[in-house]
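A.B. asks: Sending over a structure as C-alpha coordinates; questions will come in a sec.
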Amino acid sequence: MKPLLREVWACPDCHGALAASAEEVCCLVCGRGYPIVQGVPVLLTGGATAAPRPVEHHHGMSERLRRWSMPPATSYRRRADREKLPAFVQGLGRAARVLNVGAKETDLGEHVLNLDLGPFSGVDLVGDAVSLPLQDESMDAVITQGVLEHVRHPEWAVAEIRRVLRPGGLTYHEVPFIQGYHADPTDYQRFTLDGVAALFDGFEVMERGIVAGPSSALSWVLREYLAILFSFNNPVLYALGKRAFGWLTAPVKYLDALVVGSRYAPKIASALYLIARKPEAPTVGTTVHP
Ligand SMILES: [Zn+2]
(Lines give C-alpha, C1' and ligand atoms only; values in the text may rest on other atoms or scores of the structure.)
Protein backbone atom coordinates (compact mmCIF):
# COMPACT_ATOMS: atom_id res chain seq x y z
CA MET A 1 0.00 0.00 0.00
CA LYS A 2 1.44 3.40 -1.00
CA PRO A 3 1.90 5.68 2.07
CA LEU A 4 -0.05 8.41 0.23
CA LEU A 5 -3.16 6.21 0.17
CA ARG A 6 -3.58 6.23 3.96
CA GLU A 7 -3.22 10.03 3.99
CA VAL A 8 -6.05 10.71 1.54
CA TRP A 9 -8.49 7.79 1.56
CA ALA A 10 -12.04 8.14 2.88
CA CYS A 11 -15.23 6.12 3.14
CA PRO A 12 -16.92 6.10 -0.31
CA ASP A 13 -20.34 6.20 1.40
CA CYS A 14 -19.91 9.03 3.95
CA HIS A 15 -16.37 10.40 3.27
CA GLY A 16 -15.51 9.55 6.90
CA ALA A 17 -12.01 8.62 8.09
CA LEU A 18 -10.88 4.99 7.60
CA ALA A 19 -8.90 2.60 9.79
CA ALA A 20 -7.18 -0.47 8.33
CA SER A 21 -6.58 -3.92 9.78
CA ALA A 22 -4.83 -6.79 7.98
CA GLU A 23 -7.83 -7.89 5.96
CA GLU A 24 -10.34 -5.07 6.22
CA VAL A 25 -10.75 -1.30 6.09
CA CYS A 26 -13.37 0.16 8.40
CA CYS A 27 -15.12 3.54 8.39
CA LEU A 28 -14.77 5.28 11.77
CA VAL A 29 -17.92 7.34 11.10
CA CYS A 30 -20.61 5.09 9.57
CA GLY A 31 -19.03 1.77 10.62
CA ARG A 32 -19.10 0.19 7.16
CA GLY A 33 -16.38 -2.35 6.42
CA TYR A 34 -14.52 -2.73 3.13
CA PRO A 35 -12.48 -5.81 2.14
CA ILE A 36 -8.83 -5.87 1.12
CA VAL A 37 -8.47 -8.11 -1.95
CA GLN A 38 -4.97 -9.15 -3.10
CA GLY A 39 -3.55 -6.35 -0.96
CA VAL A 40 -5.82 -3.73 -2.55
CA PRO A 41 -8.59 -2.01 -0.52
CA VAL A 42 -11.95 -2.37 -2.27
CA LEU A 43 -13.69 0.92 -1.45
CA LEU A 44 -16.98 0.55 -3.32
CA THR A 45 -20.36 1.89 -2.18
CA GLY A 46 -23.44 -0.17 -1.38
CA GLY A 47 -21.58 -3.46 -0.92
CA ALA A 48 -20.58 -3.59 -4.62
CA THR A 49 -17.84 -6.10 -5.41
CA ALA A 50 -14.65 -5.53 -7.40
CA ALA A 51 -14.82 -6.11 -11.15
CA PRO A 52 -13.13 -9.23 -12.51
CA ARG A 53 -10.73 -8.93 -15.44
CA PRO A 54 -12.82 -8.55 -18.62
CA VAL A 55 -13.22 -11.83 -20.51
CA GLU A 56 -12.31 -11.67 -24.19
CA HIS A 57 -14.06 -13.83 -26.77
CA HIS A 58 -11.84 -15.14 -29.52
CA HIS A 59 -14.32 -17.22 -31.45
CA GLY A 60 -12.31 -20.43 -31.13
CA MET A 61 -9.09 -18.90 -32.43
CA SER A 62 -6.05 -20.36 -30.63
CA GLU A 63 -4.23 -18.00 -28.25
CA ARG A 64 -1.02 -18.32 -30.29
CA LEU A 65 -2.74 -17.50 -33.58
CA ARG A 66 -4.62 -14.66 -31.92
CA ARG A 67 -1.44 -13.07 -30.58
CA TRP A 68 0.46 -13.61 -33.82
CA SER A 69 -2.27 -12.13 -35.99
CA MET A 70 -3.07 -9.15 -33.74
CA PRO A 71 -2.87 -6.09 -36.00
CA PRO A 72 -1.04 -2.94 -34.87
CA ALA A 73 -2.85 -0.20 -32.94
CA THR A 74 -5.05 2.08 -35.04
CA SER A 75 -3.76 5.30 -33.55
CA TYR A 76 -0.49 7.02 -34.32
CA ARG A 77 0.71 9.54 -31.77
CA ARG A 78 3.54 11.97 -32.24
CA ARG A 79 6.17 11.73 -29.53
CA ALA A 80 4.97 15.00 -28.00
CA ASP A 81 1.41 13.61 -27.83
CA ARG A 82 2.52 10.29 -26.30
CA GLU A 83 4.45 12.22 -23.67
CA LYS A 84 1.70 14.72 -22.88
CA LEU A 85 0.42 12.87 -19.80
CA PRO A 86 3.85 11.89 -18.35
CA ALA A 87 5.02 15.49 -18.94
CA PHE A 88 1.91 16.82 -17.16
CA VAL A 89 2.56 14.58 -14.14
CA GLN A 90 6.26 15.43 -14.10
CA GLY A 91 5.40 19.14 -14.22
CA LEU A 92 3.42 18.77 -10.98
CA GLY A 93 6.56 17.78 -9.05
CA ARG A 94 7.28 14.71 -6.88
CA ALA A 95 5.46 16.17 -3.87
CA ALA A 96 2.13 16.48 -5.72
CA ARG A 97 -0.66 14.09 -4.74
CA VAL A 98 -2.12 12.70 -7.95
CA LEU A 99 -5.09 10.40 -8.62
CA ASN A 100 -5.26 8.39 -11.85
CA VAL A 101 -8.88 7.23 -12.34
CA GLY A 102 -9.27 4.05 -14.42
CA ALA A 103 -5.50 3.70 -14.43
CA LYS A 104 -5.12 -0.09 -14.79
CA GLU A 105 -1.35 -0.83 -14.90
CA THR A 106 -0.20 2.70 -15.85
CA ASP A 107 2.89 3.61 -13.76
CA LEU A 108 3.40 7.35 -13.37
CA GLY A 109 5.25 7.27 -10.03
CA GLU A 110 4.95 6.66 -6.26
CA HIS A 111 2.97 9.88 -5.80
CA VAL A 112 0.26 8.77 -8.25
CA LEU A 113 -2.58 6.64 -6.88
CA ASN A 114 -4.04 4.21 -9.43
CA LEU A 115 -7.79 3.71 -8.99
CA ASP A 116 -9.82 1.18 -10.95
CA LEU A 117 -12.96 -0.97 -10.70
CA GLY A 118 -11.00 -4.15 -9.95
CA PRO A 119 -7.75 -5.12 -8.14
CA PHE A 120 -5.83 -5.40 -11.44
CA SER A 121 -2.04 -5.33 -11.39
CA GLY A 122 -0.76 -1.82 -10.66
CA VAL A 123 -4.03 -0.73 -8.99
CA ASP A 124 -3.62 0.94 -5.55
CA LEU A 125 -7.29 1.18 -4.64
CA VAL A 126 -10.53 -0.17 -6.04
CA GLY A 127 -13.19 2.51 -6.35
CA ASP A 128 -15.81 4.00 -8.64
CA ALA A 129 -15.23 7.27 -10.54
CA VAL A 130 -18.66 8.52 -9.45
CA SER A 131 -18.07 7.95 -5.72
CA LEU A 132 -14.34 8.44 -5.15
CA PRO A 133 -13.10 6.99 -1.82
CA LEU A 134 -11.02 10.10 -1.10
CA GLN A 135 -11.21 13.07 1.26
CA ASP A 136 -12.50 16.44 0.05
CA GLU A 137 -9.80 18.66 -1.49
CA SER A 138 -7.11 16.02 -0.83
CA MET A 139 -5.55 15.83 -4.33
CA ASP A 140 -3.35 18.23 -6.28
CA ALA A 141 -4.30 16.66 -9.59
CA VAL A 142 -6.70 14.09 -11.05
CA ILE A 143 -6.18 12.40 -14.42
CA THR A 144 -8.12 10.10 -16.70
CA GLN A 145 -6.96 8.59 -19.98
CA GLY A 146 -9.64 6.99 -22.16
CA VAL A 147 -11.97 6.54 -19.20
CA LEU A 148 -14.81 9.09 -19.33
CA GLU A 149 -16.44 7.37 -22.34
CA HIS A 150 -16.85 4.26 -20.16
CA VAL A 151 -18.60 6.15 -17.33
CA ARG A 152 -22.39 6.13 -17.61
CA HIS A 153 -22.76 9.59 -16.05
CA PRO A 154 -19.49 11.43 -16.75
CA GLU A 155 -20.84 14.65 -15.16
CA TRP A 156 -21.11 12.76 -11.85
CA ALA A 157 -17.46 11.72 -12.18
CA VAL A 158 -16.51 15.35 -12.84
CA ALA A 159 -18.43 16.44 -9.72
CA GLU A 160 -16.36 13.93 -7.73
CA ILE A 161 -13.12 15.13 -9.33
CA ARG A 162 -14.09 18.67 -8.32
CA ARG A 163 -14.77 17.52 -4.74
CA VAL A 164 -11.44 15.71 -4.23
CA LEU A 165 -9.31 18.39 -5.96
CA ARG A 166 -7.85 21.13 -3.82
CA PRO A 167 -8.77 24.70 -4.90
CA GLY A 168 -6.42 25.56 -7.77
CA GLY A 169 -5.78 21.84 -8.42
CA LEU A 170 -5.32 20.60 -11.99
CA THR A 171 -7.13 17.94 -13.94
CA TYR A 172 -5.98 16.19 -17.15
CA HIS A 173 -8.22 14.12 -19.42
CA GLU A 174 -7.85 12.24 -22.69
CA VAL A 175 -11.16 11.41 -24.38
CA PRO A 176 -12.16 9.75 -27.65
CA PHE A 177 -13.98 11.62 -30.42
CA ILE A 178 -14.04 9.58 -33.67
CA GLN A 179 -13.37 6.01 -32.53
CA GLY A 180 -15.16 2.70 -32.92
CA TYR A 181 -17.22 1.21 -30.10
CA HIS A 182 -14.90 -0.38 -27.54
CA ALA A 183 -16.46 -1.91 -24.42
CA ASP A 184 -14.53 -1.77 -21.11
CA PRO A 185 -16.84 -3.11 -19.75
CA THR A 186 -19.24 -0.83 -21.70
CA ASP A 187 -18.85 2.25 -23.90
CA TYR A 188 -21.31 5.12 -23.49
CA GLN A 189 -20.22 8.26 -25.39
CA ARG A 190 -17.80 10.41 -27.41
CA PHE A 191 -16.70 14.01 -26.83
CA THR A 192 -15.94 17.01 -29.04
CA LEU A 193 -13.47 19.67 -27.88
CA ASP A 194 -16.46 21.83 -26.85
CA GLY A 195 -18.15 18.85 -25.20
CA VAL A 196 -15.24 17.94 -22.96
CA ALA A 197 -14.74 21.61 -22.00
CA ALA A 198 -18.48 21.90 -21.16
CA LEU A 199 -18.17 18.84 -18.93
CA PHE A 200 -15.69 20.85 -16.83
CA ASP A 201 -17.96 23.92 -16.57
CA GLY A 202 -16.73 26.20 -13.83
CA PHE A 203 -13.11 25.03 -14.26
CA GLU A 204 -10.57 27.23 -16.01
CA VAL A 205 -9.50 25.56 -19.27
CA MET A 206 -5.69 25.76 -19.38
CA GLU A 207 -5.05 23.76 -22.54
CA ARG A 208 -6.94 21.55 -24.97
CA GLY A 209 -6.23 19.88 -28.29
CA ILE A 210 -5.59 16.63 -30.12
CA VAL A 211 -3.64 13.58 -28.94
CA ALA A 212 -4.56 11.34 -31.91
CA GLY A 213 -5.56 12.82 -35.27
CA PRO A 214 -8.00 12.30 -38.17
CA SER A 215 -5.87 9.63 -39.88
CA SER A 216 -5.90 7.51 -36.72
CA ALA A 217 -9.69 7.93 -36.72
CA LEU A 218 -9.88 6.92 -40.39
CA SER A 219 -7.66 3.87 -39.79
CA TRP A 220 -10.00 2.66 -37.01
CA VAL A 221 -13.17 3.35 -39.04
CA LEU A 222 -11.78 1.66 -42.17
CA ARG A 223 -10.71 -1.44 -40.23
CA GLU A 224 -14.13 -1.71 -38.62
CA TYR A 225 -16.04 -0.87 -41.81
CA LEU A 226 -14.26 -3.43 -44.00
CA ALA A 227 -14.57 -6.10 -41.29
CA ILE A 228 -18.32 -5.48 -41.11
CA LEU A 229 -18.72 -5.34 -44.91
CA PHE A 230 -16.98 -8.69 -45.47
CA SER A 231 -18.29 -10.45 -42.35
CA PHE A 232 -21.67 -11.28 -43.91
CA ASN A 233 -22.90 -11.22 -40.32
CA ASN A 234 -20.62 -14.14 -39.38
CA PRO A 235 -18.64 -13.67 -36.12
CA VAL A 236 -15.66 -15.76 -37.30
CA LEU A 237 -15.39 -13.83 -40.59
CA TYR A 238 -15.75 -10.59 -38.62
CA ALA A 239 -12.89 -11.54 -36.24
CA LEU A 240 -10.68 -12.59 -39.17
CA GLY A 241 -11.61 -9.44 -41.08
CA LYS A 242 -10.62 -7.24 -38.13
CA ARG A 243 -7.16 -8.78 -38.27
CA ALA A 244 -6.70 -8.82 -42.04
CA PHE A 245 -8.08 -5.31 -42.61
CA GLY A 246 -6.34 -4.12 -39.46
CA TRP A 247 -2.99 -4.94 -41.07
CA LEU A 248 -4.10 -3.57 -44.44
CA THR A 249 -5.37 -0.22 -43.14
CA ALA A 250 -2.84 0.39 -40.33
CA PRO A 251 -0.46 2.49 -42.50
CA VAL A 252 -3.25 5.07 -42.97
CA LYS A 253 -2.63 6.29 -39.40
CA TYR A 254 0.85 7.58 -40.30
CA LEU A 255 -0.78 10.29 -42.44
CA ASP A 256 -1.37 11.97 -39.07
CA ALA A 257 2.25 13.10 -39.29
CA LEU A 258 0.93 15.43 -42.03
CA VAL A 259 -2.55 16.44 -40.80
CA VAL A 260 -2.56 16.30 -36.99
CA GLY A 261 -1.30 19.89 -36.83
CA SER A 262 -4.03 21.24 -39.12
CA ARG A 263 -6.47 23.76 -37.66
CA TYR A 264 -9.25 21.55 -39.07
CA ALA A 265 -7.99 18.32 -37.48
CA PRO A 266 -10.29 18.57 -34.38
CA LYS A 267 -13.31 18.13 -36.70
CA ILE A 268 -12.64 14.38 -37.01
CA ALA A 269 -9.74 13.67 -34.62
CA SER A 270 -9.52 10.26 -32.95
CA ALA A 271 -8.73 11.51 -29.43
CA LEU A 272 -8.62 14.85 -27.61
CA TYR A 273 -7.17 16.15 -24.36
CA LEU A 274 -8.08 18.84 -21.87
CA ILE A 275 -6.16 20.38 -18.97
CA ALA A 276 -8.32 22.43 -16.58
CA ARG A 277 -7.90 24.09 -13.20
CA LYS A 278 -10.38 24.07 -10.33
CA PRO A 279 -11.06 27.68 -9.29
CA GLU A 280 -9.33 28.95 -6.14
CA ALA A 281 -12.63 30.17 -4.65
CA PRO A 282 -16.08 28.63 -5.21
CA THR A 283 -17.80 30.19 -8.24
CA VAL A 284 -21.15 31.81 -7.44
CA GLY A 285 -24.03 29.97 -9.07
CA THR A 286 -22.05 26.83 -9.91
CA THR A 287 -24.27 23.77 -10.17
CA VAL A 288 -23.20 20.91 -7.95
CA HIS A 289 -24.25 17.52 -9.27
CA PRO A 290 -25.16 14.68 -6.91
ZN1 LIG B 1 -18.55 5.82 6.26
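The values are calculated or read from the model by the stated rules, or taken from the named source; none is laboratory data. Values in this document were obtained by computation on a predicted structure and should not be read as measured data. Note: ideal-geometry Cβ built from the backbone for every residue, glycine included; neighbour counts use all protein chains shown. These area figures cover heavy atoms from the full protein model, side chains too; ligands, DNA and RNA do not enter into them. Shrake-Rupley method; radii C 1.70, N 1.55, O 1.52, S 1.80 Å.
A.B. asks: Just to be sure, is GLY109 open to solvent by less than 50 Å² (accessible area, probe 1.4 Å) and not charged (D, E, K, R)?
C.D. replies: Against the criterion (open to solvent by less than 50 Å² (accessible area, probe 1.4 Å) and not charged (D, E, K, R)), GLY109 qualifies.
The rows are residues; the columns are (1) modelled with pLDDT under 85; (2) within 16 Å of the ligand (Cβ to nearest atom); (3) within 23 Å of the chain's Cα centre (by Cα).
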| position | (1), (2), (3) |
| --- | --- |
| LYS2 | no, no, yes |
| LEU5 | no, no, yes |
| CYS27 | no, yes, no |
| LEU43 | no, yes, yes |
| ALA50 | yes, no, yes |
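A.B. asks: Continuing with the same structure: So is SER216 polar (S, T, N, Q) and surrounded by 15 or more Cβ atoms within 10 Å (Cβ to Cβ) or not?
C.D. replies: yes
A.B. asks: Shifting gears a bit: What's the total number of residues in the stretch 3-48 that are outside any helix (DSSP H, G or I) and either of a type in the set (Val, Ile, Thr) or open to solvent by 30 Å² or more (accessible area, probe 1.4 Å) (or both)?
C.D. replies: Here the count works out to 26.
A.B. asks: Restricted to the stretch 248-284, and to residues that are open to solvent by 60 Å² or more (accessible area, probe 1.4 Å) and farther than 18 Å from PRO214 by Cα, which residue is farthest from the chain's Cα centre (by Cα)?
C.D. replies: VAL284
A.B. asks: Would you call TYR225 under 28 Å from LYS104 (Cβ atoms), modelled with pLDDT of 95 or more and out of contact with any His (no Cβ under 6 Å at 6 or more places or on another chain)?
C.D. replies: For TYR225, the condition - under 28 Å from LYS104 (Cβ atoms), modelled with pLDDT of 95 or more and out of contact with any His (no Cβ under 6 Å at 6 or more places or on another chain) - is not met.
A.B. asks: Could you check how many residues of the stretch 229-247 are over 23 Å from ALA212 (Cα atoms) and either polar (S, T, N, Q) or part of a helix (DSSP H, G or I) (or both)?
C.D. replies: The qualifying residues number 11.
A.B. asks: All but one of (1) free of Cβ contacts under 8 Å to residues at least 60 places away in the same chain; (2) within 14 Å of the ligand (Cβ to nearest atom) hold for SER21; state the number of the condition that does not hold.
C.D. replies: Unmet for SER21, out of (1) free of Cβ contacts under 8 Å to residues at least 60 places away in the same chain; (2) within 14 Å of the ligand (Cβ to nearest atom): (2).
A.B. asks: Looking at ASP116, ASP128, which one is buried (at least 21 other Cβ atoms within 10 Å of the Cβ), within 30 Å of ARG223 (Cα to Cα) and at pLDDT 95 or above?
C.D. replies: ASP116
A.B. asks: Quick test of your reading of the structure: VAL205 fulfils all but one of (1) of a type outside the set (Gly, Ala, Ser); (2) touching a residue at least 60 places away in the same chain (Cβ under 8 Å); (3) surrounded by 16 or more Cβ atoms within 10 Å (Cβ to Cβ). Name the failing condition by number.
C.D. replies: (3)
A.B. asks: Give the stretch 87-133 a look and list any residue that's part of a loop (DSSP other than H, G, I, E, B) and among the charged types (D, E, K, R), or say none.
C.D. replies: ARG94, ARG97, LYS104, GLU105, ASP107, GLU110, ASP124 - these are the residues of the stretch 87-133 that are part of a loop (DSSP other than H, G, I, E, B) and among the charged types (D, E, K, R).
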